[in-house]
Amino acid sequence: MLPTEGHLLRIFIGESDKHTGMPLYKWIVRKAKEQGLAGCTVIRGIEGFGAASTIHAASFLELSTDLPIIIEIVDTLEKIDAFLPLVNEVVSDGLVTVEKANIKFYRTKKKS
């Protein structure tokens, strides 16, 4: 169960970022699950740029291997704050934000 006042953790990284030989976004998803966070979604961008101002884009002629990746996690501020040190250790190039989230519902289908 989540309270109506939660927080959203957003992690912006590149698709080619790795940690321990694994894509970084996959590593973060697995760590979020291990830490018992409510849920995690990975979104692949089609174009973007970051601090280095290099534009990464998907096109029909040439597919970038370093497209923008956004990882979103919604949970309580306490759980997100506990998870942030892990993220801080592994994100060497990216952006991390935390903002308030008004949670309307959090549910799953009942098993038959």
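Once you have the Cα-Cα distance between TYR106 and ASP81, take 0.36 nm times their residue separation minus that, and quote the gain in nm to one decimal.
Values: separation 25, 0.36 × 25 = 9.00 nm, distance 2.02 nm.
Extending this stretch completely gives an extra 7.0 nm.
Using only Cα atoms, find the angle between the long axis of helix 24-34 and the longest principal axis of the chain, and express it within 0 to 90 degrees, rounded to the nearest 10.
With both axes taken from Cα atoms, the answer is about 10 degrees.
Which entries of LYS18/LYS79; LYS33/LYS79; LYS31/LYS79 show an alpha-carbon separation above 21 angstrom in the structure shown? Before the final figure, lay out the partial values.
Values: LYS18/LYS79 24 Å; LYS33/LYS79 12 Å; LYS31/LYS79 12 Å.
Distance filter (> 21 Å) returns LYS18/LYS79.
A short reminder: the numbers here are calculations on the coordinates, not readings from a lab. Quick caveat, the model's predicted, so the values are computed rather than measured.
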